Amino acid sequence: MEKLFKLKENGTTVKTEIVAGLTTFMTMAYIIALNPNLLTEFDVGSSLWNGIFLATCIASAIGMFVMAFAANKPFAMAPGMGLNSFFAFVIAQIVSITGLSYVESFQAGLIIILIEGLIFVVLSIFNIRDKIVDAIPLGVRLGIGPAIGLMLMNIGLGSNCGIYSDKGGPFYVMRDFFGALTAGFAKTNIGSGYGMMVLTVVTMFIGLFVIIALTHKGVKGSVILGMLVASIIYWICEAVFFNVNPFAALASASWVPPFGDMASTTLFKFNFSALPEIGWFTIITLIITFCIIDMFDTIGTLVGTASKANMLDKDGNMPNMREALLADAVGTVAGACTGTSTVTTFVESASGVEAGGRTGLTALTTGIIFLLCIFISPIAAIIPSAATSAALIYVGILMLSNLKKIDFEDITQAAPVFIMLLAMPISGSIGHGIGLALITYTVIKIATGNSKDVSVLTFVLSAIFLVKFFLAV
């Protein structure tokens, strides 16, 4: 292990790395079921759902293994949120344009993901993606971590814990519980789900406070211990107050991997015959759109999380960035071949970094657990969202610390960062947040007569994002 991952050089141990990998997995385990849900319009149990479920586990693991052995970084991968929703929208449009079945349209859409992944493999090998990272102004680079932190807090407090009731749903903690201001108003609007909402809020904050207390006392694995405490309290309260058996799903769950469904629906199932009907201009536009979003989501996650782990040098660059980006590209190609949307570096990797993960052993651990989920996915499904939210909020708070490195006395540096801090959690896209920051930086530098401070590549990137926001898909 020492020779492979240089544990002593990175100030870590095998135990710490394994705990970090498990922590990362627990905060992102939701993607295993959510990804096939989104890509099949919640057609749970269908052949396509089963194929995408297996593809999610396998492609994510492949990407993480490359990250572990080629880059030796603790970052985890899976089909990206936002990108999978956009891909589902694209598939629906292909169905409308061609009249093909959803499965056939899905197989045509996988070609777009394959081409995107192959483009990124080439760009990563020739260091072009690395140069794009260098083109991002230092102030914006330093602000990516805090912006991701706010996005994590928004996910934890906002969209991770959704409650359904007789009034509909989903109802969210920040918008519908705290946003309502008064308990009476919230109870009336949330309806029968109010009790479950209270349980979610209470256990989420208990988990958060346990994590903070244990961290303050220097306890190793504080994040995963806090999540465990929150989960146990949630399960007990479910059983006592709501007469719900939290483990009931395990009794009827299927533990046999549906490889036959994968072979018939998604594994190397590329539908080239549908491409002429879709239209080549549309295809090219979609490929460019996926490339832009994926590139800056990955870059933002890597830079932001690496800065929190003190993996950046004095110039704000991360060693082995090319290998890390290559792992992302290989994961995307593997995803297309097995049957899922773009695989990208997950922002939840920050939870494993906070738990002490510093090397590829963390990524390897998470990847192995993803493979095991082919057989034990029902166990991952019973982890309550309140527990994962506690970890996300905690990590988000910690990632705000990088703000102290930004020169807020210089408005040309501060303004792009503030725009990014707002845009990233609101849009839910790391790439869009960075894009708006780059445009703001470029325009301000030109307006203040300092255009010479803007590199040619930054000008180009800003122009690309302008086209993306106003003209592209």
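Here are the numbers:
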{"quantity": "Residues satisfying the stated conditions in region 184-224, i.e. among the aliphatic types (A, V, I, L, M) and over 11 Å from Ala390 (Cα atoms)", "calculated": "Ala186, Ile190, Met196, Met197, Val198, Leu199, Ala213, Leu214, Val219"}
{"quantity": "Residue in region 74-119 that is farthest from Phe5 (Cα to Cα), counting only those that are hydroxyl-bearing (Ser, Thr, Tyr) and free of Cβ contacts under 8 Å to residues at least 24 places away in the same chain", "calculated": "Ser96"}
{"quantity": "Subset of region 442-460 (residues that are surrounded by fewer than 19 Cβ atoms within 10 Å (Cβ to Cβ) and either in a loop (DSSP other than H, G, I, E, B) or more than 32 Å from the chain's Cα centre (by Cα) (or both))", "calculated": "Ile446, Ala447, Thr448, Gly449, Asn450, Ser451, Lys452, Asp453, Ser455"}
{"quantity": "Residue in region 69-82 that is of a type in the set (D, E, K, R) and crowded, with 20+ Cβ neighbours inside 10 Å present", "calculated": "yes"}
{"quantity": "Among (1) in contact with a Leu (Cβ under 7 Å, 6 or more places away or on another chain); (2) within 24 Å of Ser427 (Cβ to Cβ) - the single one Ile52 does not satisfy", "calculated": "(2)"}
{"quantity": "Filter result for the condition that a residue is surrounded by fewer than 22 Cβ atoms within 10 Å (Cβ to Cβ), outside the structural domain of Ile32 (by TED's automatic domain parsing), touching a residue at least 60 places away in the same chain (Cβ under 8 Å) and not acidic (Asp, Glu), over Ile406, Ile439, Ile430", "calculated": "Ile406"}
{"quantity": "Check on Thr56, assigned by TED's automatic domain parsing to the domain that holds Glu277, at pLDDT below 95, hydroxyl-bearing (Ser, Thr, Tyr) and buried (at least 24 other Cβ atoms within 10 Å of the Cβ)", "calculated": "no"}
{"quantity": "Condition broken by Phe106, with the remaining ones in (1) over 30 Å from Leu438 (Cβ atoms); (2) in a helix (DSSP H, G or I); (3) among the aromatic types (Phe, Trp, Tyr); (4) at pLDDT below 90 satisfied", "calculated": "(4)"}
{"quantity": "Residue within region 1-21 that is over 25 Å from Pro319 (Cβ atoms), of a type outside the set (Val, Ile, Thr) and touching a helix residue (DSSP H, G or I) at 6+ places or on another chain (Cβ under 8 Å) present", "calculated": "no"}
{"quantity": "Region 250-266 - residue that is in contact with a helix residue (DSSP H, G or I) (Cβ under 6 Å, 6 or more places away or on another chain) and of a type in the set (A, V, I, L, M) and, of those, nearest to Leu114 (Cα to Cα)", "calculated": "Met262"}
{"quantity": "Scan of region 354-392 for residues that are β-branched (Val, Ile, Thr), surrounded by fewer than 22 Cβ atoms within 10 Å (Cβ to Cβ) and more than 22 Å from Lys73 (Cα to Cα), ordered by number", "calculated": "Ile374, Ile376, Ile379, Ile382, Ile383"}
{"quantity": "Qualifying residue in region 331-340 (condition: touching a Pro at 6+ places or on another chain (Cβ under 8 Å) and modelled with pLDDT of 90 or more)", "calculated": "yes"}
{"quantity": "Per-region count, region 136-164, residues farther than 25 Å from Ala29 by Cβ and of a type in the set (S, T, N, Q)", "calculated": "0"}
{"quantity": "Residue among Ala390, Ala423 that is in the same structural domain as Gly80 (by TED's automatic domain parsing) and either in a helix (DSSP H, G or I) or more than 30 Å from Leu286 (Cα to Cα) (or both)", "calculated": "Ala390"}
{"quantity": "Answer residue from region 381-418, given it is of a type in the set (S, T, N, Q) and modelled with pLDDT of 85 or more and is farthest from Ser351 (Cα to Cα) among those", "calculated": "Thr412"}
{"quantity": "Any chance Ala414 is assigned by TED's automatic domain parsing to the domain that holds Ile136, in contact (Cβ under 8 Å) with a residue 12 or more places away in the chain and among the aliphatic types (A, V, I, L, M)", "calculated": "no"}
{"quantity": "Condition met for Thr362 (assigned by TED's automatic domain parsing to the domain that holds Asn84, among the β-branched types (Val, Ile, Thr), assigned to a helix (DSSP H, G or I) and farther than 30 Å from Ile115 by Cβ)", "calculated": "yes"}
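The values are calculated or read from the model by the stated rules, or taken from the named source; none is laboratory data. Small disclaimer: the values here were computed from a predicted structure and weren't measured. Every residue, glycine as well, gets a Cβ built from its backbone with ideal geometry; the counts of neighbours run over all protein chains shown.
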